[in-house]
Amino acid sequence: MISKEQKQSIIAEYGRSEGDTGSPEVQVALLTARINDLTEHFKANPKDHHSR
């Protein structure tokens, strides 16, 4: 799970303005971070089929 601080830093880095959470750049960056987090989780827990 992405922490609140990580999410805020991604929004600040990729957002077009302050508090911009709807732009495509922010959405793609947040989804990419979530995918990377899940990839690491599945590497560490190969028998966790429920989360897939």
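Read the figures in this text as sums done on the coordinates, not as results from a lab. Only a predicted model underlies this, so the values are computations on that prediction, with no experimental measurement involved. Note that each Cβ is placed from the backbone with ideal geometry, even for glycine, and that neighbours are counted across all protein chains shown.
Descriptive notes on the structure:
- Cα-based helix-to-principal-axis angle, 24-44 vs the chain, degrees rounded to 10: 20 degrees
- The calculated FRET efficiency for ARG52 paired with GLN27, based on their beta-carbon distance and R0 = 25 Å, is about 0.65.
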